[in-house]
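Okay, so here's the structure we're looking at.
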Amino acid sequence: MFFVLLGAPGAGKGTQADIIVKEMSLPHVASGDLFRQALKNGTELGKQAESYMKAGKLVPDEITIKMITERIAQADCNDGCVFDGFPRTLDQAKALDAALEKQGKSIEKAIYIEVPESALLDRLTGRFVCRTCQSPYHKKNSPPKKEGVCDKCSGELYQRADDQEATIKERLKVYFAQTMPLLEYYDKKGRLFRVNGNQHISEVGKDIVKFLTELKKKK
């Protein structure tokens, strides 16, 4: 059972990936982790990826797909895995399907954690970090006792450039532009499962696990 986990920045994708991996006993295949591991180990694909990254360019799909193909060929992925961070575009989804097909495998479902853009903005722009100890805060979900001051070390709280509203809006714009064709692609194949991500983390997790458990029973 191979699953793709989709969700905009701030949708809680990482948290839900952890829940799925634990509940379904499946490996977590995150493209970011694969890159870091390949760079650390100095593999041929890692060196190729590094040359693009150093030049500030996106790593070509061909290299990413090769990394993922090598990963899913490993024994722990015989029964499936959860893909996180890939595919991001329609071309990547098609390339992943082709790579899986060569191994006699296929994507069972694409799980999309659906959160309104207004809620995503609220989550992401509310994040602050301590300049001294790097402790994270959120103005609504986990505010400091004293505004602008870290509870732990009394350091100054600041907002990273990546969490400022203009930057967040641009990131979300790019994400949705890339993801809409991807959702349509999986929907046409009857593989898309939408889950309401605008509820408590535990409830999102329960909805996903319930769906996957029922799916597994049908196998």
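The values are calculated or read from the model by the stated rules, or taken from the named source; none is laboratory data. Because the structure is a prediction, the values reported are computed rather than measured. Glycine gets a Cβ as well: all are built from the backbone with ideal geometry, and neighbour counts include every protein chain shown.
Observations on the structure shown:
- Residues of the range 190-219 satisfying the condition of being among the charged types (D, E, K, R) and touching a residue at least 24 places away in the same chain (Cβ under 8 Å): Arg191, Arg194, Lys216, Lys219
- Test: residue in the range 33-45 that is surrounded by 13 or more Cβ atoms within 10 Å (Cβ to Cβ) and within 27 Å of Leu121 (Cα to Cα): yes
- Any hit, the range 194-208, residues being more than 20 Å from Gly12 (Cβ to Cβ), touching a strand residue (DSSP E or B) at 6+ places or on another chain (Cβ under 6 Å), surrounded by 14 or more Cβ atoms within 10 Å (Cβ to Cβ) and modelled with pLDDT of 90 or more: no
- Filtered by the rule that a residue be within 17 Å of the chain's Cα centre (by Cα), closer than 25 Å to Ser106 by Cβ and aromatic (Phe, Trp, Tyr), the range 176-219 gives Tyr186, Phe193.
- Members of the range 11-32 found to be within 20 Å of Leu124 (Cα to Cα), surrounded by fewer than 23 Cβ atoms within 10 Å (Cβ to Cβ), touching a helix residue (DSSP H, G or I) at 6+ places or on another chain (Cβ under 9 Å) and among the small types (Gly, Ala, Ser), listed by number: Gly12
- For the range 152-168, filtering for residues that are touching a strand residue (DSSP E or B) at 6+ places or on another chain (Cβ under 8 Å) and either at pLDDT 95 or above or of a type in the set (Val, Ile, Thr) (or both) leaves 6.
- Scanning the range 64-85 for residues that are of a type in the set (A, V, I, L, M, F, W, C) and crowded, with 20+ Cβ neighbours inside 10 Å returns Met67, Ile68, Ile72, Cys81, Val82, Phe83.
- Counted residues, the range 49-67 - those being over 23 Å from Asp97 (Cα atoms) and either polar (S, T, N, Q) or in contact (Cβ under 8 Å) with a residue 40 or more places away in the chain (or both): 1
- Of Arg191, Arg171, all but one fail to be surrounded by 15 or more Cβ atoms within 10 Å (Cβ to Cβ) and either at pLDDT below 90 or in contact with a Gly (Cβ under 7 Å, 6 or more places away or on another chain) (or both); the exception is Arg171.
- Looking across the range 84-142, just one residue is without any contact (Cβ under 8 Å) to a residue 24 or more places away in the chain and among the aromatic types (Phe, Trp, Tyr), and that is Tyr137.
- Output for the range 119-145, where each listed residue is in a strand (DSSP E or B) and either modelled with pLDDT of 95 or more or surrounded by 14 or more Cβ atoms within 10 Å (Cβ to Cβ) (or both): Arg127, Phe128, Val129, Cys130, Tyr137, His138
- Residue match in the range 111-118 (condition: more than 30 Å from Asn78 (Cα to Cα), not in a helix (DSSP H, G or I) and not basic (Lys, Arg)): yes
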